[in-house]
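Asks: Following this message is one structure expressed as structure tokens.
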Amino acid sequence: MVRANLEIKCAYQEVIISRTDLKGNIIYCNSTFAKVNGFKRPSAVINQPHNIIRHPDMPKTIFNIIWRVISNGLPIQAIVKNKTNDNKYYWTMLEWRPQIDNNNTIVSFVAEGKQAPEKIIQTIEPLYELLCDIEKEHGVDSAITYLRSYLDEKGMTYSQYLKHLTKHRGMRCLCEFVRHSILKKS
């Protein structure tokens, strides 16, 4: 595997949108998603697993938490490093939302993202590197435990931590559900 090592920056007004089925396969993406990720057109990624853009520097811990939260019908925001089809990478602030049908059943998930500001990247990247190291040496559960302790030391939930980083009070982040339901499991 060739390491993605050339960073690209999206214009701050560009919004990357994708929609996945319940298994994480892409069922829709906008042209910005295709362009930024190095695909000629949106149809090139339909029915592909969304993790085709997962960068190896991203801790599994974060995606584990994201899937647990959205599978329970809650929206979530996170900072994510993605790998493009042409071996570049970019950082994005993403919000995932479950899509619910008339019977209140989750039918898909929508992700919308914008370029993450450099200050946020500089803050979150060392944490993600450490979480990846912990995952490699001790597993995802240990990385989740570490993340909980890291946040407890700051006196914040992950939601509060991301709100502090993004200064965006209107979006739900790795919300209270994470801290109370997932991170508190003994």
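Each reported figure results from applying straightforward, stated rules to the coordinates on display, with no laboratory input. What you see is a predicted model, and the numbers here were worked out from it, not measured in a lab. In this analysis, Cβ positions are derived from the backbone assuming ideal geometry, glycine residues included, and neighbour counts consider all displayed protein chains.
Asks: Go ahead and run the numbers for FRET between Glu137 and Ile100, Cβ-Cβ distance against an R0 of 35 Å, rounding to 0.05.
Replies: Working from the Cβ atoms, E equals 0.35.
Asks: Right, here's the next one. With an 8 Å cut-off on Cα pairs and a minimum separation of 6 or more residues, tell me the relative contact order of segment 6-182 in percent.
Replies: With pairs under 8 Å counted, the relative contact order is 22 percent.
Asks: Further, regarding this structure: How large is ³J(HN,Hα), in whole Hz, for each residue of segment 64-73 in order, when computed from phi with the Karplus curve 6.51 cos²θ - 1.76 cosθ + 1.60 and θ = phi - 60°, using x for Gly and Pro?
Replies: 4, 5, 4, 5, 5, 5, 5, 5, 9, x
Asks: Let me ask another. Looking at the calculated P(r) for the chain, what percent of the C-alpha pair distances fall above 29 Å? Can you show the working numbers first?
Replies: On the way: 3198 of 17205 pairs.
In whole percent, the share of Cα-Cα pairs in the chain beyond 29 Å is 19.
Asks: Rank the residues Glu137, Glu95 as a footprinting-exposure proxy: fewest other Cβ atoms within 10 Å of their Cβ go first.
Replies: Numbers: Glu137 9, Glu95 17.
The order, fewest Cβ neighbours first, is Glu137, Glu95.
Asks: Report the paramagnetic label zone for Asp86: residues of segment 1-44 whose backbone N is under 13 Å from a point 7 Å from Cα along the Cα-to-Cβ axis.
Replies: Only 6-9, 34-41 fall inside the zone, counting backbone N under 13 Å.
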